[in-house]
Amino acid sequence: MIVGILIFDQVEVLDVTGPFEVFSVTRLNENRRREESSPFEVLLVSENTDQVTAVGGLKFTPDTTIHNCPNLDLLIVPGGWGTRKEISNNMILGWIADRAAKARLTASVCTGSSLLGRAGLLNGREATTHWQAFDFLRESAPQSEHVKMSDSQLPNQSLLPPVSSGIDLALRIVSYFLGIEVRKATAKNMEYPYPESDQRIITR
């Protein structure tokens, strides 16, 4: 499965690297971890080929652009301070809407939900974000239901209500497509505490 993670200037580092780590270390057969590769191919997708400077100064190099990106099975839209600028980028918003219509699953992390909202993908759906960015989400997705706890189960539809942790989100996607045992093995390999509940977000 091909995973596209959108990147843009002032994207949040962990929103990108968390899902990237999960998808890249996933294995169908844990006993053949060194011999087999991940069933996910992860691509960093940007508007152009320039390096992207994330929050804190970390540089990302895109694998492809929105103009040359291959078909995606999964689209991940991260958050970060840069979403305040990208919310007015009609080219990015149009690309998100187009790819979401074709992908098997589209999801966001943190304020990436506001980009999904502005692209018209959250109308009539539950949506959440970082607790300090709820006003931004309400403005960007006025026709969605804004909640402070994510649904504990993946819905039987192509769009997942966004959650605040990219690692938890990616692990949920792994179990959705590949099963709970693969998800547990992936978390164990990362030495990441396996969540007994998907509801990690703290209401405030």
Condition broken by TRP81, with the remaining ones in (1) out of contact with any helix residue (DSSP H, G or I) (no Cβ under 8 Å at 6 or more places or on another chain); (2) within 22 Å of ILE2 (Cβ to Cβ); (3) surrounded by 13 or more Cβ atoms within 10 Å (Cβ to Cβ) satisfied: (2)
Exception for THR65 within (1) hydroxyl-bearing (Ser, Thr, Tyr); (2) modelled with pLDDT of 95 or more; (3) closer than 22 Å to ALA170 by Cβ falls at (3)
Considering only the stretch 71-94, I want to know if a residue exists there that is out of contact with any Phe, Trp or Tyr (no Cβ under 8 Å at 6 or more places or on another chain), among the small types (Gly, Ala, Ser) and over 17 Å from VAL109 (Cα atoms). yes
Scope the stretch 44-61; condition crowded, with 16+ Cβ neighbours inside 10 Å and of a type in the set (A, V, I, L, M); matching residues: LEU44, VAL45, VAL52, ALA54, VAL55
Could you count how many residues in the stretch 63-98 are assigned to a loop (DSSP other than H, G, I, E, B) and under 18 Å from GLU21 (Cβ atoms)? 4
Could you tell me which of the residues ILE76, ILE96 is within 20 Å of ILE167 (Cβ to Cβ) and among the hydrophobic types (A, V, I, L, M, F, W, C)? ILE76
Identify all residues within the stretch 62-78 that are surrounded by fewer than 12 Cβ atoms within 10 Å (Cβ to Cβ) and free of Cβ contacts under 8 Å to residues at least 24 places away in the same chain; write none if there are none. HIS67, ASN68
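Table: residues versus (1) touching an Asp or Glu at 6+ places or on another chain (Cβ under 7 Å); (2) aliphatic (A, V, I, L, M); (3) more than 19 Å from LEU116 (Cα to Cα).
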position: GLU21; (1), (2), (3): no, no, yes
position: ARG33; (1), (2), (3): no, no, yes
position: PHE40; (1), (2), (3): no, no, yes
position: THR49; (1), (2), (3): no, no, yes
position: THR53; (1), (2), (3): yes, no, yes
position: GLY56; (1), (2), (3): no, no, yes
position: ASP63; (1), (2), (3): no, no, yes
position: ILE66; (1), (2), (3): yes, yes, no
position: LEU72; (1), (2), (3): no, yes, no
Tally of residues being buried (at least 22 other Cβ atoms within 10 Å of the Cβ) and in a loop (DSSP other than H, G, I, E, B) across the stretch 1-43: 6
Can you spot a residue in the stretch 99-113 that is assigned to a loop (DSSP other than H, G, I, E, B), touching a residue at least 60 places away in the same chain (Cβ under 8 Å), surrounded by 14 or more Cβ atoms within 10 Å (Cβ to Cβ) and over 16 Å from the mean Cα position of the chain (by Cα)? no
Please name all residue pairs, on different chains or six or more residues apart, with Cβ atoms under 6 Å, provided the first residue is in the stretch 42-61 and is farther than 23 Å from MET1 by Cβ and the second residue is of a type in the set (Gly, Ala, Ser) and modelled with pLDDT of 95 or more. VAL52/SER46
Take VAL77 and decide whether it is over 21 Å from GLY120 (Cβ atoms) and at pLDDT 95 or above. no
Quick count over the stretch 6-38, residues being over 17 Å from the mean Cα position of the chain (by Cα), under 23 Å from THR106 (Cβ atoms) and not polar (S, T, N, Q), is 0
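The values are calculated or read from the model by the stated rules, or taken from the named source; none is laboratory data. All of these numbers come straight from a predicted model, not from anything done at the bench. Positions of Cβ are generated from backbone atoms using ideal geometry, with glycine treated the same way; all protein chains shown enter the neighbour counts.
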